[in-house]
1. Along the positive direction of the dipole of region 1-135 (beta-carbon charges: Lys, Arg +1; Asp, Glu -1; about the Cα centre), which of Val113, Thr127, Leu8 reaches farthest?
2. Pick from Ser44, Ser31, Ser154 the residue whose mean-square fluctuation is largest in a GNM of the chain, springs joining Cα atoms under 10 Å.
3. Let me have the relative contact order for region 1-145, percent, based on Cα pairs under 8 Å that are six or more residues apart.
4. Quick one: P(r) of region 1-96 from all Cα-Cα pairs, 5 Å bins, percents rounded to integers, in order of increasing distance.
5. Could you please report the charge total around Asp54, scoring K, R as +1 and D, E as -1 over all other residues with beta-carbon less than 14 angstrom from its beta-carbon?
6. Rounded to whole Hz and in sequence order, give me ³J(HN,Hα) for region 108-124 from the Karplus expression 6.51 cos²θ - 1.76 cosθ + 1.60, θ = phi - 60°, writing x for Gly and Pro.
Amino acid sequence: MRHTLSVLVENQPGVLARVAGLFSGRGFNISSLTVGETEDPTTSRMTIVVAGDDVILEQITKQLNKLVDVIKVYDYTAEAHLERELALIKVQAELKDRSEIIQLAEIFRAKIVDVSDRTYTLEITGTDDKVNAFIDLLRPFGIRELIRTGTVASARGMKGKSKKG
């Protein structure tokens with residue numbers, strides 16, 4: 001099962017290593033990990049996406065909550081939440097293919113952010129499924145470079161706020 005966790009932490013050196021260590025120590029591969037400062041510069045939010053067994057993930061969540069620098073762990077897996085990812089995709093853009101690439105970008109609401117004589121670089125934001133579908137449609141043109149940010153997530157409504165307490 002795919003799990004999306006949001007971990008609010010103190011913005012301190014070494015926190016990322018300790019959190020990631022809990023997952024690797026249990027044999028979990030982290031599919032996606034993003035970290036960024038919140039509206040409070042003393043805290044950061046980690047969004048961690050993993051595939052794994054519910055029981056083991058529950059143990060990891062409990063151990064995360066025991067870490068000194070962890071303020072709160074939210075498991076968004078079973079609740080309504082928003083997820084987004086950003087990807088930059090540099091694709092081979094032969095003259096004969098350019099209009100088709102532009103049409104795909106329009107359909108997926110992607111932006112062409114760089115143009116060269118041989119390539120287009122496209123930016124897309126959306127769910128993991130949307131980004132994957134767009135990438136799959138661009139593969140036949142020849143992907144030269146692919147950069148993905150990883151998933152960020154937020155609960156709908158008032159859950160998951162960044163304030164302590």
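1. Leu8
2. Evaluated over the chain, the most mobile residue of the options is Ser31.
3. Across region 1-145, relative contact order equals 24 percent.
4. For region 1-96, the pair-distance distribution reads 2, 11, 23, 23, 16, 10, 4, 3, 3, 2, 1, 0.
5. After counting each charged neighbour, the total is 0.
6. These are the phi-based 3J(HN,Hα) values: 8, 6, 8, 10, 8, 9, 7, 10, 10, 5, 10, 9, 10, 10, 10, 10, 10 Hz.
Read the figures in this text as sums done on the coordinates, not as results from a lab. Note that the structure is a prediction, hence the values are computed from the model and not measured. Don't worry about glycine lacking a Cβ; one is built from the backbone with ideal geometry, like all the others, and counts go over all protein chains shown.
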